[in-house]
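Heads up: the structure comes next, in structure tokens.
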């Protein structure tokens, strides 16, 4: 009897062993965050997936060769756990020296990526003539830094050529020669030919970059705004024709009537930087960025004609944050200068072009925060210093 019971039990166990049972599925692991970075025209675009949705992350661009921070911003992952953000860095000379990091708010690293290159970086050169002459060689367009542009200006009757000027760097072979060359800097620039009136009657301007006008107005700092000229002629039409203030940036739409790209020029250097933002058919969109001190003014000129309007630099600065340095600063190559920023909390202080000045935080005392900048670029290079991501620089630094 016992043998029969044991035999039956063995048969039962054998049957159980031959049956298959569904496996219990393990909980899926959260994907590791990823990051990809691409550099183009002075900015690095960072994208990635696998992040916690609706969570803030800090994105840093670091020069790993020099162990220095080049730029930083913050982004938030969307509902799918993806991020996409663009960080303005200025020109990056050697991409292999830089790495993009995505950090959690506690400072720990979430992901990192090498920075890939894009198309060669180009900048806009607007080539214009002041009153009394015209440009016979040289075309407004996009050029890579280091490009040598041939220039020639021809004076009208009763005028003689005076000089060439640049609004934002670059180098002339001979600024006093009507026929010369200009080496493109690593930024957008307006190149202007100036002429001197010799007499003989008729209306005229002085040759100092549009800062005087025969009707008594002007585009230099402290002058009184006057009524504008007509907003259009046979060659163009402007969507803006009244004097106004610029807080950060402003974009014009200039419509070409003759099928040619308009020549957009600022009469006074060091007040506004001009870039061609886009072209849509015969519509050309020019963006001016305030780089001068609040209250400084400049005339806007189209196609070498009379002044269209006067633009004044407004204030785009964060309330309650003070800088101990004026609007212009000169630092000898290789030397260091220290800024003091007074604020209720630690501000973000960056240089618009990390290849010109290297910025490092050197400490704080009460509400005063100290930042050291080292002139690492070439003599003559300039860059702006920005606080809390303001659109306009507080100070323009130049390497002596």
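The values are calculated or read from the model by the stated rules, or taken from the named source; none is laboratory data. Predicted model only: the values in this text are computed from it and were never measured. Glycine gets a Cβ as well: all are built from the backbone with ideal geometry, and neighbour counts include every protein chain shown.
Going by the structure shown, is residue 220 surrounded by fewer than 22 Cβ atoms within 10 Å (Cβ to Cβ), under 28 Å from residue 380 (Cβ atoms) and at pLDDT below 85?
Yes; evaluated as a whole, the condition is true for this residue.
Listed here are the residues, each with its yes/no results for (1) closer than 30 Å to residue 171 by Cβ; (2) without any contact (Cβ under 8 Å) to a residue 60 or more places away in the chain; (3) part of a loop (DSSP other than H, G, I, E, B).
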site	(1), (2), (3)
299	yes, no, no
308	yes, no, no
344	no, yes, yes
347	no, yes, yes
350	yes, no, no
355	yes, no, yes
362	no, yes, no
372	yes, yes, no
391	yes, no, yes
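Please verify whether residue 242 is under 30 Å from residue 328 (Cα atoms), more than 23 Å from the chain's Cα centre (by Cα), surrounded by fewer than 20 Cβ atoms within 10 Å (Cβ to Cβ) and at pLDDT 80 or above, treating the condition exactly as stated.
Here the answer is yes, as residue 242 does meet what is asked.
With the structure loaded, tell me whether residue 364 is closer than 23 Å to residue 383 by Cα and either touching a strand residue (DSSP E or B) at 6+ places or on another chain (Cβ under 6 Å) or surrounded by fewer than 16 Cβ atoms within 10 Å (Cβ to Cβ) (or both) or whether it fails that test.
No, not satisfied.
Could you grab me the full set of residues in segment 52-82 that are farther than 20 Å from residue 371 by Cβ, in a strand (DSSP E or B) and free of Cβ contacts under 8 Å to residues at least 40 places away in the same chain?
75, 76
Which residue pairs have Cβ atoms closer than 8 Å, lie 6 or more positions apart in sequence or on different chains, and pair a first residue in segment 119-140 that is farther than 23 Å from residue 288 by Cβ with a second residue that is modelled with pLDDT under 90 and part of a loop (DSSP other than H, G, I, E, B)?
Between residues of segment 119-140 that are farther than 23 Å from residue 288 by Cβ and residues that are modelled with pLDDT under 90 and part of a loop (DSSP other than H, G, I, E, B), the close pairs are 132/156; 132/158; 132/204; 132/205; 132/207; 133/156; 134/156; 134/304.
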